[in-house]
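The structure under discussion appears below in the form of structure tokens.
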Amino acid sequence: MHLATDTLSHAMILDSLSDGVLAVDERGEIIYLNPAAERLTGWAREDVLGRAYDELFEGCGCERLVAQTLRTGRGLTGRASWLRGIGGRRLEIRASTAAIRDADGCVVGATVLARRRAATGPRADGVPVGGSLPIIGRSPPMMQLLEMIPRCADSVSTVLIEGASGTGKELVARAIHDLSPRRGKPFVAINCAALPDSLLESELFGYKTGAFTDARRDKPGRFALADTGTIFLDEIGDISPAMQVKLLRVLQERVFEPLGSVESVRVDVRVIAATNQNLSALVAAGAFRQDLYYRLNIIRFQLPSLSERREDLPLLIEYFITKFNQRLNRQIAGVSAEVLGTLQAYDFPGNIRELENIVEHAFAFCRTDRIEIEHLPPLNGKPTEGSKPVRAAALTLRELERLHIEDALRRCGGNRKAAAHELGIDPSTLFRKLKQRGIPPRERESRRKPR
């Protein structure tokens, strides 16, 4: 019996399904991909037919489901899993598998029915925390951050978030609020660097009628508006020494006086502050009060730059593509390997905000279902440290995979088992790839005793 012919005889039925369907033979080679699966993954049918399933989707959760079905002959139903789409996009799916048997009952292949599932609850790749936008990431620094957020959410202690511009400081602040007992209460944000002292004081503490010429009625300040909730003081490192003194008292006692008032106002508010500066360095330089710094630095988050979490790029790109598809009613499936290689080699001085702008720019110029290199804006960042002097756009998927493996080994100190875990593949698979790509087995070398 010829499996491919018999399977494809049902193509008219399978092509009409809204769920993605893939089929592999007993050797794990792809023999069928329906239009819904093409739309889901971004892969064209003619590009994947005959290719090894474990090569195309290596490390994906769905790969293990297919392997289990081929091995046991038993199908699996409604399993939460994921696939890797074109450009490295991670696709959350609910998968069902079934064994394909010949006339003698022998397993000669397997089918996968994949349905895209919504992102709900904490996940390693993108965490919608409470009612906030998702915090995307599965890199080690992001996983550590995602573990810390729920732990500190129940506390009333002041939080200091440090990180470069565009790393998502307000997103983290909102996530802490959304997971806290104060969820449902006000979350009030103010950019301290955007206002001069006179306006900042009235914005923070409010004023009474007649406090100054235009004060014709009482106005509550941000601290009063945030009562029982959370106030987010962004760019706290830019406030003047005079304002630092006034803010210190509020942090110590949760008490302030509106402008023109002789009565103190007490509030129950949690304070989360953020800065793109190094406050400890400002303290050492005498530009920031040490006592205020200690009041702020009770729970501290240091957000990584995008260049420190490059393995999250495919996830972030997928998130922004989905966002702009919904906003602009488009159907862009992903980015080309050339685009992904270019972005992986870019240093992103503007961090995640810059990546979002790049994707939005590409949407304006892309008229196909895939973002290509010509749709990107000029990238003005410096080359990444240690990168080869070749055009980033020339990176192939194989070269990009080598970079990922080398980065994982470097982060894990050459430990192959830890690197394989971080990459989401088996250690034996990683060892095979090391041999294929000629990457030195650093773990083995590091364990050799000197002669």
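Residues whose amide H lies under 5 Å from that of residue 218, counting only those 5 or more places away or on a different chain, are 209; hydrogens are built 1.01 Å from N in the peptide plane. When you restrict to C-alpha pairs under 8 Å that are six or more residues apart and normalise by the size of the range 239-369, the relative contact order lands at 20 percent.
With a Förster radius of 41 Å applied to the beta-carbon distance between residue 39 and residue 144, the computed FRET efficiency rounds to 0.70. Each Lys and Arg Cβ is given +1 and each Asp and Glu Cβ -1; about its Cα centre, the range 175-224 then shows a dipole of about 300 debye.
Length gained on full extension, residue 51 to residue 94: 13.2 nm, using 0.36 nm per residue less the C-alpha separation. Backbone phi angles across the range 335-349, fed through the Karplus curve with coefficients 6.51, -1.76 and 1.60 (θ = phi - 60°), yield HN-Hα couplings of 10, 6, 4, 5, 5, 4, x, 5, 5, 5, 8, 9, 8, 6, x Hz in residue order; Gly and Pro are listed as x. Dipole orientation for the range 170-293: of the candidates 237, 283, 250, 250 has the Cα lying most toward the positive pole (charges on Cβ; Lys, Arg +1; Asp, Glu -1).
Accessible-area rank, largest first, for 319, 293: 319, 293, with all protein chains present and a 1.4 angstrom probe.
With the crude spin-label approximation of a point 7 Å out along Cα→Cβ, what separation in nm comes out for residue 240 versus residue 189? Taking the two extended label points, one gets 2.6 nm.
Residue by residue, the range 146-152 carries 3J(HN,Hα) couplings of 5, 6, 6, 4, x, 5, 8 Hz when phi is fed to the Karplus relation 6.51 cos²θ - 1.76 cosθ + 1.60 (θ = phi - 60°); x denotes Gly or Pro.
If you wrap the tightest convex hull around every Cα atom of the range 243-327 and split its volume per residue, you get 177 Å³.
Summarising the amide proton neighbourhood of residue 135: residues at separation of 5 or more, or on other chains, whose placed amide H is nearer than 5 Å comprise 127, 129.
Within the assembled protein chains, the solvent-accessible surface assigned to residue 416 is about 50 Å², based on a 1.4 Å probe. Ordering 106, 192, 412 by accessible surface, largest first, gives 106, 412, 192; the 1.4 Å probe counts only protein heavy atoms, with every chain in place. Expressed as a whole percent, the accessible surface of the range 168-221 that belongs to carbon and sulfur atoms is 50, based on a 1.4 Å probe.
Per-residue extension of 0.36 nm, minus the Cα-Cα distance of residue 26 and residue 307, leaves a gain of 97.0 nm for this segment. Among the trypsin sites (Lys or Arg not before Pro) in the range 164-254, those located in a DSSP loop and surrounded by at most 10 other Cβ atoms within 10 Å of their own Cβ are 216, 217. Each residue, residue 330 and residue 157, gets one label point 7 Å from its Cα in the Cβ direction; the gap between the two is 4.4 nm. The slack between residue 365 and residue 281, meaning 0.36 nm per residue of separation minus the straight C-alpha distance, is 25.9 nm. Take the range 169-308 with all the other protein chains still there, run a 1.4 Å probe, and you get 48 Å² of accessible area per residue. Taking a virtual spin label 7 Å from the Cα of residue 290 along the C-beta vector, which residues in the range 233-255 bring their backbone nitrogen under 19 Å of it? The answer is 241-242, 244-246, 248-249, 252.
Beta bridges per DSSP, both residues in the range 200-313: antiparallel share near 45 percent. For residue 75, the residues whose modelled amide H falls within less than 5 Å of its own, excluding neighbours fewer than 5 places apart on the same chain, are 99.
The values are calculated or read from the model by the stated rules, or taken from the named source; none is laboratory data. Just so it is clear, the model here is predicted, and its values are computed rather than measured. Using ideal geometry, Cβ is built from the backbone for each residue, glycine included, and neighbour counts are taken over all protein chains shown. Side chains included, ligands, DNA and RNA excluded: accessible areas come from the protein's heavy atoms. Shrake-Rupley method; radii C 1.70, N 1.55, O 1.52, S 1.80 Å.
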